[in-house]
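Asker: Sharing a structure here in structure tokens format.
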Amino acid sequence: MNAVLSERINNLAVSQTLAMAALARELKAQGKDIISLSLGEPDFNTPDFIKEAAKQAIDDNFSTYSPVDGYADLKQSISAKFKRDNNLDYKPSQIVVSTGAKQALYNIAQVMLNEGDEVILPAPYWVSYYEIIKLSGGVPIEVPTSVASNFKITPDQLENAITPKTKMMWFSSPCNPSGSVYSEAELKALANVLKKYPSIYVVSDEIYEHINYTNSYCSIGAIDGMENNTITVNGVSKAFAMTGWRIGYIGAPEFIAKACTKIQGQVTSGANSIAQRATKAAVEADPSVINYMVEAFKNRRQLVYNLLSEIPGFKLTLPEGAFYFLPDVSAYFGKTIKGKEIKDANDFAMFLLAEANVATVTGEAFGNPNCIRLSYATSEELLKEAIKRIKEVLQ
Ligand code: PMP
Ligand code: GLU
């Protein structure tokens, strides 16, 4: 607490994914042999055709301010991508390009929420949803799930969470941190509840859309009757290994897109011009161009599943998408190992860092206090070594 700083910032939690990644980096710099499974970012390079588009953009002098909501031809390409991959009908006027999906989410919260508005968050949820909603005056309402329900909520749970104050529901599928993917039937069942409450808006975060090991993908906004109540969030960070380029985008009802543009115009202006040109190449490409990455993630998923399953007390699901495992490690709570008392998931994650030199993220950051999150966006060799170390310190 610092009295000079605003209440707003004093009440804001640090992003625990970024904090754990920073701590792992710091320990590494001190010479410790840390394996970081903390940050969710692909360990691949950005594909060459995207890098070429960026180089071309520099040579073509894309060096001035871009339109606040993104280049017109990029929005056209995103509109076509939404139709091609998601059967979503967003006109370019319904699209806003931002500095990462993170800014897109922040814009949405800022333009949609008034003080006290409730936002339903199926838990586990992505770490930043909670704080972004709070920062914007909203009240996150967590709906818990567990390994037993494959970390998915049921229509009844959703209906029970709705109150007269409910303004929105935010979720990701494939889910960060659980890897769960809602099927079309499951989404239709949730949509049937939501359609009874036309004042509720849904944020569907589809940034892991292409990192999906099931044979199908459904966007909730493409379900009949949901088109006017859904804001679809996506970006190039994960699918195209472009986390540092910082481009995300939304498709939304036009008045919401306009509002997001208005706030962005006061806060950051248009997103990076070169990165937007690179993004155009990425979204225009057939998604099969990243099959080699998805295949690698899929193989690692099986490897990690097999290895984690051998650790006593770890309860897990086989994730259907993204690149995370979220094992329930609550069997260890209340135990003392190597002289360290493990009360909760925070202690467990810190114990693994100190004793096994493996960085993970506590499930508390994602609204599931029984779990820890491991990212498998790293080499098979490091994954094997990391899980071997975890197994050994727990023996
Ligand atoms: N949503 C989810 C579910 C994520 O995992 C991430 C990863 N950082 C983001 C949004 C933000 O992505 P970015 O800002 O890199 O586009
Ligand atoms: N989304 C990634 C994660 O969950 C990146 C970190 C972040 O932006 O918080 O690890």
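The values are calculated or read from the model by the stated rules, or taken from the named source; none is laboratory data. All values derive from a computational prediction rather than experimental measurement. Virtual Cβ from ideal backbone geometry, glycine too; neighbours counted across all protein chains shown. Heads up: the accessible areas ignore ligands, DNA and RNA and are worked out on the full protein's heavy atoms, side chains in. Shrake-Rupley method; radii C 1.70, N 1.55, O 1.52, S 1.80 Å.
Asker: Looking at the stretch 212-245 only, could you name the residues that are within 16 Å of ligand 2 (Cβ to nearest atom) and in a strand (DSSP E or B)?
Answerer: The answer is Val233, Asn234, Gly235.
Asker: Select, from Ser219, Ser204, the only residue that is buried (at least 21 other Cβ atoms within 10 Å of the Cβ), without any contact (Cβ under 8 Å) to a residue 40 or more places away in the chain and within 16 Å of ligand 1 (Cβ to nearest atom).
Answerer: Of the residues listed, the single one that is buried (at least 21 other Cβ atoms within 10 Å of the Cβ), without any contact (Cβ under 8 Å) to a residue 40 or more places away in the chain and within 16 Å of ligand 1 (Cβ to nearest atom) is Ser204.
Each row is one residue, and each column tells you yes or no for (1) of a type in the set (Phe, Trp, Tyr); (2) in contact (Cβ under 8 Å) with a residue 40 or more places away in the chain; (3) assigned to a helix (DSSP H, G or I).
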residue	(1), (2), (3)
Ser93	no, yes, yes
Ile108	no, yes, yes
Phe171	yes, yes, no
Pro177	no, yes, no
Tyr182	yes, no, no
Ala185	no, no, yes
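Asker: Could you list all residues from the stretch 199-211 that are out of contact with any helix residue (DSSP H, G or I) (no Cβ under 8 Å at 6 or more places or on another chain) and more than 16 Å from ligand 2 (Cβ to nearest atom)?
Answerer: Ser199
Asker: With respect to Thr99, is the statement that it is of a type in the set (Ser, Thr, Tyr) and away from ligand 2 (no atom under 16 Å from the Cβ) true?
Answerer: no
Asker: I've got another one for you. Hand me the list of strands (runs of 3 or more DSSP E) wholly inside the stretch 292-395 holding 3 or more residues that are open to solvent by less than 70 Å² (accessible area, probe 1.4 Å) and out of contact with any His (no Cβ under 7 Å at 6 or more places or on another chain).
Answerer: 372-375
Asker: Does the stretch 74-83 include one or more residues that are outside any helix (DSSP H, G or I) and either under 24 Å from Ser269 (Cβ atoms) or of a type in the set (Asp, Glu) (or both)?
Answerer: Checked the stretch 74-83: no residue is outside any helix (DSSP H, G or I) and either under 24 Å from Ser269 (Cβ atoms) or of a type in the set (Asp, Glu) (or both).
Asker: Something else about it: Which of the residues spanning the stretch 93-111 are open to solvent by 40 Å² or more (accessible area, probe 1.4 Å) and either more than 12 Å from ligand 1 (Cβ to nearest atom) or closer than 10 Å to Val233 by Cα (or both)?
Answerer: Matches in the stretch 93-111: Ser93, Lys102, Gln110, Val111.
Asker: With the checklist (1) touching a residue at least 40 places away in the same chain (Cβ under 8 Å); (2) within 23 Å of Phe366 (Cα to Cα); (3) more than 16 Å from ligand 1 (Cβ to nearest atom); (4) surrounded by fewer than 22 Cβ atoms within 10 Å (Cβ to Cβ) in hand, flag the one item Glu115 doesn't pass.
Answerer: Every condition holds for Glu115 apart from (1).
Asker: So Leu18 fits all but one of (1) over 22 Å from Lys388 (Cβ atoms); (2) without any contact (Cβ under 8 Å) to a residue 40 or more places away in the chain; (3) part of a loop (DSSP other than H, G, I, E, B); what number is the exception?
Answerer: (3)
Asker: Return yes when Ile58 is farther than 30 Å from Leu353 by Cα, part of a helix (DSSP H, G or I) and more than 16 Å from ligand 1 (Cβ to nearest atom) and no when it is not.
Answerer: So Ile58 fits the description; yes.
Asker: Output the residues belonging to the stretch 136-168 that are touching a helix residue (DSSP H, G or I) at 6+ places or on another chain (Cβ under 7 Å) and not acidic (Asp, Glu).
Answerer: Residues satisfying the conditions are Ser136, Gly138, Pro140, Ile141, Val143, Lys152, Pro155, Leu158, Lys167, Met168.
Asker: Next question, about the same structure. Among Thr99, Thr154, which is without any contact (Cβ under 8 Å) to a residue 60 or more places away in the chain and among the hydroxyl-bearing types (Ser, Thr, Tyr)?
Answerer: Thr154 is the lone residue from the list that is without any contact (Cβ under 8 Å) to a residue 60 or more places away in the chain and among the hydroxyl-bearing types (Ser, Thr, Tyr).
Asker: Assess whether Asp89 counts as being part of a loop (DSSP other than H, G, I, E, B), over 30 Å from Thr378 (Cα atoms) and open to solvent by less than 40 Å² (accessible area, probe 1.4 Å).
Answerer: no
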